[in-house]
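Structure record follows, encoded as structure tokens.
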Amino acid sequence: MTRLRTFSHGGIAILQRTHFESSAVQNAFLPIHALVMLKERESASDPVLLVSEGQEVREGQLLARQSGHGSANVHAPIPGLIHKVTRVRSPAGFMSDAIVLSLHGSFSIAGKKPERYLWRSLNKHDILYILLEKGIVRTTTGESVYELLNTAGNGSACIVNCLDTDPYSHCEEEVLYRNMHAILDGCLIIQKVTGAEKIIFAIPSDMNTDRIDLLKSIAAEVKLPVIVEKFIRKYPQDFPGRLKQSLSSKNSKLKSAIILEPTTLSALHDAVTGNKAQIEQYVYLGGGALKKSSILKARIGTSIGDLLEECGGFVGTPYSLVINSPYNGNAVADPDTPISKTTKAILALTRSEVKPSLTRSCIRCGDCIKICPEQLNPYLMNKLISNAMMEEVFKAGIDRCTLCGSCSYICPSHIALGVNFKNAKTTRKNHE
């Protein structure tokens, strides 16, 4: 009997809210205007801008160069003219420099047969340089893959995170299935760079057995020893800490691991084997207010409104548009908001899906304590924040909070606990 893995405390059981139908991933229409943000993470250094307004750029041309910890190179997703260099607020709330690029000129990548490079002749440092130059980032966090691999301990396990722990998306599982050869090639590249002794595929327990058999078959063909582990579909199982905990046992603890998703490995593969910068992103579009759910491969900088239109538009007025997770994602009001390298999903949610309600006083039910995967006390931390007792909040362990939003989801009083914790951590960081 196959063991189903999960973490030990808290979390949310996932119930599929809308039907997901497996189908080929389509390329989205190219945007007429692309708004390209230069930062993926608030903590990242600002990249150095290399272009100016009015300049014509080629598809894939370097627009901004990374300049320190957390930043990554930024490339032109389309050929065109630099219409404006501006500053915008990201969906996550931080400010970033951005480039407005208007479509113009001929394509050098789109519609062309991809180049193929014999990457096996490259050494570790060559591969790392390519990942740095092509601006490859982890699609869930925006972390530079170059930095992740460059600092990884020799022999670190590589975990391929195929888990979609929300009630809508199956994007990672679908990308794995549609690009299985490329994903496994990406694992071989990781192995060459880090000397990874274990390649572990973390898959949902309800994944089709034919797909699992195909994965094992192709892995055997390329002589890649993989371990397939099934996980209960539970939020936030895909968070690094929870994955490591679930894969550890009393006798064997997983200490050092590189965790990457199929979408990230696909971008890594295209960079190393095809000399292609990260100018596209796989995006799941769904929710009860959308006519048809789809997974689109879209150019960075495309507006979410354009992608929603490609899925047939709305069947009614959406109550909320959410980027990424319905548990801890960011609500946006402007359909002109662009996608970035970390946009994994766009959800058009109905009122019944959001279940809006007025915030009430805490009833001290303890549900937030029971559900917290980090075994923290959200009730206590929120009370300390309300009383401006910030030193005590950090003594209570708020630094260990991953901002997964489970406590906010379960709270019967609809208190925005996750938002309060995020603000407290940001305030502390700004004062340091």
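Things worth noting here:
- Scope the stretch 283-338; condition more than 20 Å from TYR409 (Cα to Cα) and among the hydroxyl-bearing types (Ser, Thr, Tyr); matching residues: TYR284, SER293, SER294, THR302, SER303, THR317, THR337
- Considered as a group, the residues in the stretch 29-46 that are buried (at least 22 other Cβ atoms within 10 Å of the Cβ) and not acidic (Asp, Glu) include one that is farthest from ARG87 (Cα to Cα), and that residue is PRO31.
- Considering the conditions (1) more than 16 Å from the chain's Cα centre (by Cα); (2) open to solvent by less than 10 Å² (accessible area, probe 1.4 Å), LYS292 is excluded by exactly one of them, (2).
- Qualifying positions in the stretch 115-155 - at positive phi and either of a type in the set (S, T, N, Q) or over 20 Å from the mean Cα position of the chain (by Cα) (or both): GLY155
- Residue match in the stretch 84-92 (condition: at pLDDT below 95, among the small types (Gly, Ala, Ser) and either assigned to a loop (DSSP other than H, G, I, E, B) or surrounded by fewer than 16 Cβ atoms within 10 Å (Cβ to Cβ) (or both)): yes
- Residues within the stretch 47-79 that are crowded, with 17+ Cβ neighbours inside 10 Å, part of a strand (DSSP E or B) and touching a Lys or Arg at 6+ places or on another chain (Cβ under 9 Å), tallied: 2
- Hey, LEU118 open to solvent by 10 Å² or more (accessible area, probe 1.4 Å), among the aliphatic types (A, V, I, L, M) and free of Cβ contacts under 8 Å to residues at least 60 places away in the same chain or not: yes
- Against the conditions (1) among the acidic types (Asp, Glu); (2) closer than 25 Å to PRO236 by Cα; (3) at pLDDT 95 or above, GLU56 satisfies every one except (2).
- First in the stretch 10-29 and among the basic types (Lys, Arg), second anywhere and at pLDDT 70 or above, Cβ under 7 Å, 6 or more apart: ARG17/PRO167; ARG17/TYR168; ARG17/GLU353
- Qualifying residues in the stretch 24-59 (those that are touching a Gly at 6+ places or on another chain (Cβ under 7 Å) and of a type in the set (Val, Ile, Thr)) - the one nearest to SER293 (Cα to Cα): VAL36
- Only residues that are under 28 Å from GLY60 (Cβ atoms) and modelled with pLDDT of 90 or more were counted in the stretch 136-161, giving 18.
- Qualifying residue in the stretch 364-375 (condition: farther than 29 Å from LEU290 by Cα and among the aliphatic types (A, V, I, L, M)): yes
The values are calculated or read from the model by the stated rules, or taken from the named source; none is laboratory data. Not measured: the values here are computed from a predicted model. All Cβ positions, glycine included, derive from the backbone under ideal geometry; neighbour counts span all protein chains shown. In case anyone asks, the SASA skips ligands and DNA or RNA and just uses the protein heavy atoms, side chains included. Shrake-Rupley method; radii C 1.70, N 1.55, O 1.52, S 1.80 Å.
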